[in-house]
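Scroll down for the structure; my scribbles are underneath it.
The values are calculated or read from the model by the stated rules, or taken from the named source; none is laboratory data. Just so you know, these numbers come straight off a predicted model, no measurement behind them. Reconstructed Cβ throughout: ideal geometry from the backbone, glycine too, with neighbour counts over all protein chains shown.
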Amino acid sequence: MHQRRGRIDPLRQVDEPRWLVIRDRFSRVIESRTLPPNADLRAAMERERERLRRSGWVVEDIPRYCAFFFCDRQNERVCVSVECYEPGPAGAPRSSIRS
């Protein structure tokens with residue numbers, strides 16, 4: 001199968017910071033973490049999937065050519081993504097997802 005022209009892996013390493021962000025079903029930031037320039041973004045996503053799975057979440061696969069995945073636990077659904085802009089005000093504390 002051929003790759004479509006112009007398709008770029010959104011989880012490729014880049015020489016800029018990225019943010020691993022967990023958002024609730026209303027796109028509100030629950031938690032975010034800065035990923036340094038040249039970080040292995042795919043590995044960061046896989047580590048987060050495993051952390052959430054161990055905490056009792058049902059995690060979905062990372063879709064091809066996407067930088068996000070969804071997970072569910074009881075009546076809660078969140079989206080975990082790698083984003084290129086810092087979510088929310090700089091320095092605001094973000095860490096309220098329940099393990």
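Of the residues making up the range 3-22, not a single one is assigned to a helix (DSSP H, G or I) and either crowded, with 16+ Cβ neighbours inside 10 Å or touching a Lys or Arg at 6+ places or on another chain (Cβ under 9 Å) (or both). Taking residues in the range 66-83 that are without any contact (Cβ under 8 Å) to a residue 12 or more places away in the chain and part of a strand (DSSP E or B), and partners anywhere that are buried (at least 16 other Cβ atoms within 10 Å of the Cβ) and not β-branched (Val, Ile, Thr), the pairs with Cβ atoms closer than 9 Å and at least 6 places apart or on different chains are 70/79. Pairing each residue of the range 37-63 that is modelled with pLDDT of 95 or more with any residue that is of a type in the set (Ser, Thr, Tyr) and surrounded by 11 or more Cβ atoms within 10 Å (Cβ to Cβ), provided the two are 6+ apart or on different chains, yields no C-beta distance under 6 Å. For the range 29-54, a residue qualifies if it is in a strand (DSSP E or B) and either in contact with an Asp or Glu (Cβ under 6 Å, 6 or more places away or on another chain) or crowded, with 16+ Cβ neighbours inside 10 Å (or both), and the qualifying residues are 29, 30, 31, 32, 35.
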